[in-house]
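The values are calculated or read from the model by the stated rules, or taken from the named source; none is laboratory data. This one's a predicted model, so the numbers in the text were calculated from it and none came from an experiment. Cβ sites come from the backbone with ideal geometry, for glycine too, and all protein chains shown count toward neighbours. Quick note on the areas: whole protein, heavy atoms, side chains included, nothing else; ligands and nucleic acids left out. Shrake-Rupley method; radii C 1.70, N 1.55, O 1.52, S 1.80 Å.
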Amino acid sequence: MKKQFFLLLTSASLCLFACNNQDKTKETAAMTFQLTEQPFGTINNDTVTQYTLTNPNGMQVRILNYGGTVTNILVPDKNKTMGDVVLGFDSLAGYLQAGNPYFGCLVGRYGNRIAKGKFSIDGQTYQLTLNNNGNTLHGGVQGLNKVIWKATKQAGDSSLLLTYTSKDGDQGFPGNLSVEVVYTLTADNALQISYAATTDKATPVNLTNHCYFNLSGGKENTILNHEVMIQADQYTAVDTLLIPTGQLPSVKGTPFDFTVAKAIGKEMSAVKGGYDHNWVLNRKGNGLEKIATAYDAGSGRLMEVFTTEPGLQFYTGNFLDGTLQGTKGNTIYPQHAAFCMETQHFPDGPNQPSFPNTILKPGEKYSSVTRYQFSVK
Ligand code: GLA
């Protein structure tokens, strides 16, 4: 029912948009989708390019072929003033610095943690590169966030296709993995990310994006007043190094209960360091379903998250500490300056038989879609 309502709304807004467009053909001649590119520096001899997608409302998303990194998302507030709702750096040097906390990038081959960087498939054990307290985080030392992707503009100027082949043995993962990611900016102010992958050997895959959102667009230096809803009755309990214990406690009566929207900061002090957990999403099926929302009352900006994934890492920027250099306009990003909603399979999936399967086999196609929908209320 909700889905039908959503579809109805979407088609209604598309129709409105189309009708508007007809009425104003002359004055809005330039108001079509645009996809432009500009150089953003070099790594060795490779040029890094920044692509800018603009929709007819003027919403913009900027993406680098380096790490498939979303550097900017410009969306209107309730007064129609544009604001950038993601954290980032002003130049490539910022993104290349060792302390870059995965701002805006694509994450893979395996988003989140794999305990001790080890797993077995069909009796064979694989060892990954370790980069997080003896564990593997976000695909290892040189994950997909640190490579240059091939970028191809798609017809219609509303999508950018990024492709990359990670070779057999890359970071210790088996199989040649071909990855395709399509970033699409829609007419109704959504950023949709579609992920696809194929392999020639069985291998774990868990792709996501690591945007750090602050919907105030620079007005609030933390997100503690943002109101968040997460459609989940359970979460994955973790040990002190954030490795799942295998248990899926109920959120009921705990600070992890976001089934009804509440301020992020409301009960966060009871969670050491802040939230950095995987929520087990309540799903109806396998399709694209709305699973989370975030709202900043000051700006009126609302972000709704739709995904096909079973999990959501809700991370409240716990490791930000105000020391990052080269940030946009030299803004200081203190702890909790932003939040991430990383749609995903559960952390350490390859070592947790009761978690949803994360092993992709030859002949199969990995596919996953996430949509960040922006509006105001
Ligand atoms: C994920 C992890 C966090 C942190 C960030 C990057 O969200 O769960 O613990 O490592 O990435 O800083």
Report task. Go through the range 132-153 and count every residue that is within 16 Å of the ligand (Cβ to nearest atom) and not in a loop (DSSP other than H, G, I, E, B). Result -> 7
Query raised in the report: So, in the range 264-274, of the ones that are in contact (Cβ under 8 Å) with a residue 24 or more places away in the chain and within 13 Å of the ligand (Cβ to nearest atom), which residue ends up nearest to Glu309 (Cα to Cα)?
Result: Gly274
Report task. Return the only residue of Gln313, Gln335 being within 15 Å of the ligand (Cβ to nearest atom), assigned to a loop (DSSP other than H, G, I, E, B) and of a type in the set (S, T, N, Q). Result -> Gln335
Query - Filter pass, Asn330 being away from the ligand (no atom under 15 Å from the Cβ) and either over 21 Å from Asp348 (Cα atoms) or open to solvent by 10 Å² or more (accessible area, probe 1.4 Å) (or both) - result: yes
Query raised in the report: What number of residues within the range 206-225 satisfy the criterion of being open to solvent by 10 Å² or more (accessible area, probe 1.4 Å) and in contact with a helix residue (DSSP H, G or I) (Cβ under 9 Å, 6 or more places away or on another chain)?
Result: 2
Requested in this report: With the condition kept exactly as written, say whether any residue in the range 271-281 is more than 17 Å from the chain's Cα centre (by Cα) and surrounded by 14 or more Cβ atoms within 10 Å (Cβ to Cβ).
Outcome: yes
Query raised in the report: Given the structure, is Thr129 touching a strand residue (DSSP E or B) at 6+ places or on another chain (Cβ under 8 Å), open to solvent by less than 10 Å² (accessible area, probe 1.4 Å), within 16 Å of the ligand (Cβ to nearest atom) and polar (S, T, N, Q)?
Result: no
Query - Answer from Gly175, Gly246, Gly218 - the residue that is in contact (Cβ under 8 Å) with a residue 40 or more places away in the chain, assigned to a loop (DSSP other than H, G, I, E, B), of a type outside the set (A, V, I, L, M) and under 20 Å from Phe355 (Cβ atoms) - result: Gly246
Query raised in the report: Across the range 73-98, what is the number of residues that are in contact (Cβ under 8 Å) with a residue 60 or more places away in the chain and open to solvent by less than 50 Å² (accessible area, probe 1.4 Å)?
Result: 12
Query raised in the report: Which of (1) closer than 30 Å to Met31 by Cβ; (2) more than 16 Å from the chain's Cα centre (by Cα); (3) hydroxyl-bearing (Ser, Thr, Tyr); (4) open to solvent by less than 20 Å² (accessible area, probe 1.4 Å) is the odd one out, the single condition Thr152 does not satisfy?
Result: (4)
Query raised in the report: Among the residues of the range 275-291, is there at least one that is within 20 Å of Val75 (Cα to Cα), within 15 Å of the ligand (Cβ to nearest atom) and assigned to a strand (DSSP E or B)?
Result: no
Query raised in the report: Given the conditions (1) away from the ligand (no atom under 15 Å from the Cβ); (2) outside any loop (DSSP other than H, G, I, E, B); (3) under 26 Å from Ser194 (Cα atoms), and given that Met341 satisfies all but one, which numbered condition is not satisfied?
Result: (1)
Requested in this report: Of all residues in the range 233-251, count the ones that are farther than 16 Å from Leu137 by Cα, surrounded by 17 or more Cβ atoms within 10 Å (Cβ to Cβ) and either at pLDDT below 95 or within 16 Å of the ligand (Cβ to nearest atom) (or both).
Outcome: 2
